[in-house]
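Trainee: Okay, handing you the structure first.
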Amino acid sequence: MSLKGRSAIVTGSTSGIGHAIARALAAAGANVVVNGLGEEKDIERAIGAVAAHGTRVLFDGANMLRHNQIADMIAKAEKELGAVDILVNNAGIQHVAPVEEFPIEQWDAIIAIGLTAAFHTTRAAVPGMKRRKWGRIINICSAHSLRASPFKSAYVSAKHGLAGFTKTVALELAEMGITSNAISPGFVWTPLVEKQIPDLAKSENISEEAAKRLVLTRQPTNRFVTADEVAALAVYLAGEEASSITGANYTIDGGWTAQ
Ligand code: NAD
């Protein structure tokens with residue numbers, strides 16, 4: 001699969017799944033804009049790992065809570081790389097709490113980063129894709145775009161919303177050489193999941209090791225999905241061979257949603 005000559009933006013690619021996708025896109029030949037938050041040294045390391053594949057790599061620290069910064073990021077990528085051919089909306093955060101205790105600012109942030117930011121990036125990137133008659137929009141949803149879990153009201157709402165947004169955009173752009181698809185992973189071992197383990201252990205009064213096993217009871221394969229497995233699917237959807245795939249929501253969840 002060659003993505004030589006293509007340019008991609010992966011939001012939230014300083015860590016976890018987004019980072020694996022940015023590396024895999026670069027390995028396939030694409031120029032990549034790395035985006036995300038974090039400590040300077042971690043960001044430097046993330047950029048270095050993507051740049052190791054020899055394509056052009058830029059960093060843009062646009063905060064997905066700020067629509068002006070998102071618009072500037074797309075404009076900068078178009079100016080410096082010539083295009084945004086592949087847009088991967090991946091940035092996301094999590095907070096777990098009963099609905100009546102859910103902190104309002106956490107609800108707002110989860111919806112803003114996990115759903116509204118994808119609207120802002122897509123809105124800004126689509127005109128260029130239309131001009132070039134080619135584009136790939138890949139939204140990283142979750143098994144939680146198809147199933148609910150208690151105490152994850154904001155996350156489940158954001159992911160169900162993003163799955164609907166994916167389909168709507170697919171229909172609008174179907175005849176323009178632009179596809180819009182979702183990838184819905186099950187549990188992937190990344191900082192986002194790791195952070196939930198101590199809380200789960202506390203609420204269930206079990207060890208952290210037992211909490212990890214508890215998480216996996218959702219996944220019939222009884223193992224975490226790897227970020228590289230998700231990245232391989234993203235690269236496939238970004239390629240020429242995936243031209244007829246649009247409006248799809250691919251699960252990669254070890255059988256979770258088959259139940
Ligand atoms: P992660 O915490 O490792 O990475 C999240 C990334 O988003 C980081 O690069 C972070 O800097 C960035 N980010 C967070 N807030 C941001 C903001 N305001 N502006 C810009 N960037 C911001 O998490 P992950 O597990 O790799 O999650 C990536 C995506 O995959 C998320 O959308 C998540 O919902 C989804 N997902 C994860 C899992 C899982 O089990 N890990 C499962 C299904 C879906």
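Trainee: Stokes-Einstein D for region 17-79 at 37 °C, 0.692 mPa s, Kirkwood Rh over Cα pairs, in µm²/s? The partial results should precede the final answer.
Mentor: Working: Rh = 12.0 Å.
Diffusion coefficient, whole number: 274 µm²/s.
Trainee: Can you give the charge dipole size of the chain about its Cα centre, rounded to the nearest 20 debye, using +1 on the beta carbon of Lys and Arg and -1 on the beta carbon of Asp and Glu?
Mentor: 660
Trainee: Separate question: Given a 10 angstrom Cα cut-off, can you work out which residue in LEU162, LEU25, LEU233 is the most mobile in a GNM of the chain?
Mentor: Looking only at LEU162, LEU25, LEU233, the biggest GNM fluctuation is shown by LEU233.
Trainee: Restricting to Cα atoms and excluding each atom paired with itself, what does the Kirkwood estimate give for region 99-144 in Å?
Mentor: It works out to 12.7 Å.
Trainee: What residue among ASN205, ASN181, ASN31 shows peak mean-square fluctuation when the chain is described by a Gaussian network model with Cα springs under 10 Å?
Mentor: Sorting by GNM fluctuation, first place goes to ASN205.
Trainee: Follow-up. Under a point spin-label approximation (7 Å from Cα along Cα-to-Cβ), what is the ALA210-ASN222 distance to one decimal in nm?
Mentor: For the pair ALA210/ASN222, the computed spacing is 1.9 nm.
Trainee: Further question on the same structure: Enumerate the lysines that LYS4 could reach by cross-link, defined here as Cα to Cα under 26 Å, with residues fewer than 8 away along the same chain left out.
Mentor: LYS76, LYS79, LYS130, LYS133
Trainee: Moving on to the next point. Would you kindly calculate the mean projected area, averaged across all directions, of the convex hull enclosing the Cα atoms of the chain, in square nanometres?
Mentor: Average of the hull's projected areas for the chain equals 13.3 nm².
Trainee: Counting only helical runs of four or more DSSP H residues, what would the 222 nm mean residue ellipticity of the chain come to if each run contributes -39,500 (n - 2.57) and the total is spread over all its residues?
Mentor: Calculated at 222 nm, the ellipticity per residue is -14000 deg cm²/dmol.
Trainee: Sticking with this one: Looking at TRP256, VAL156, THR226, which one has the Cα that reaches farthest to the positive end of the dipole of region 109-259 (charges on Cβ: Lys, Arg +1; Asp, Glu -1)?
Mentor: VAL156
Trainee: Could you grab the relative contact order for region 62-209? Cα pairs under 8 Å, six or more apart, rounded to a whole percent. Provide the component values of the computation, followed by the final result.
Mentor: Details: 204 pairs, mean separation 36.0, N = 148.
Answer for region 62-209 is 24 percent.
Trainee: So what's the convex hull volume per residue for the Cα atoms of region 4-110, in Å³?
Mentor: 97
Trainee: Among ALA182, ALA227, ALA49, which one shows the highest mean-square fluctuation when the chain is modelled as a Gaussian network with alpha-carbon springs under 10 Å?
Mentor: Of ALA182, ALA227, ALA49, the Gaussian network model singles out ALA49 as fluctuating most.
Trainee: With a cap of 10 neighbouring Cβ atoms within 10 Å, and only residues DSSP puts in a loop, list the trypsin sites (Lys or Arg not before Pro) found in region 1-84.
Mentor: LYS4
Trainee: Return a whole-number percent for the relative contact order of the chain, with Cα pairs under 8 Å and 6 or more residues apart as the contact set.
Mentor: Over the chain, the number comes to 20 percent.
Trainee: Would you mind checking which residues have amide H under 5 Å from VAL32's amide H? H placed 1.01 Å from N; only 5 or more apart, or other chain.
Mentor: ALA8, ARG56, VAL57, LEU58
Trainee: If you wrap region 181-259's Cα atoms in a convex hull and average its projection over all directions, what's the area in nm²?
Mentor: Numbers: hull surface 23.6 nm².
Taking the Cα atoms of region 181-259, their convex hull projects to 5.9 nm² on average.
Trainee: Read phi for every residue in region 84-93 and hand back ³J(HN,Hα) as whole Hz from Karplus 6.51 cos²θ - 1.76 cosθ + 1.60, θ = phi - 60°, with x for Gly and Pro.
Mentor: Residue by residue, region 84-93 yields 10, 8, 10, 10, 10, 8, 10, 4, x, 9 Hz.
Each reported figure results from applying straightforward, stated rules to the coordinates on display, with no laboratory input. Values in this document were obtained by computation on a predicted structure and should not be read as measured data. When we count neighbours, we look across all protein chains shown, and the Cβ atoms used for this are built from the backbone with ideal geometry, even at glycine.
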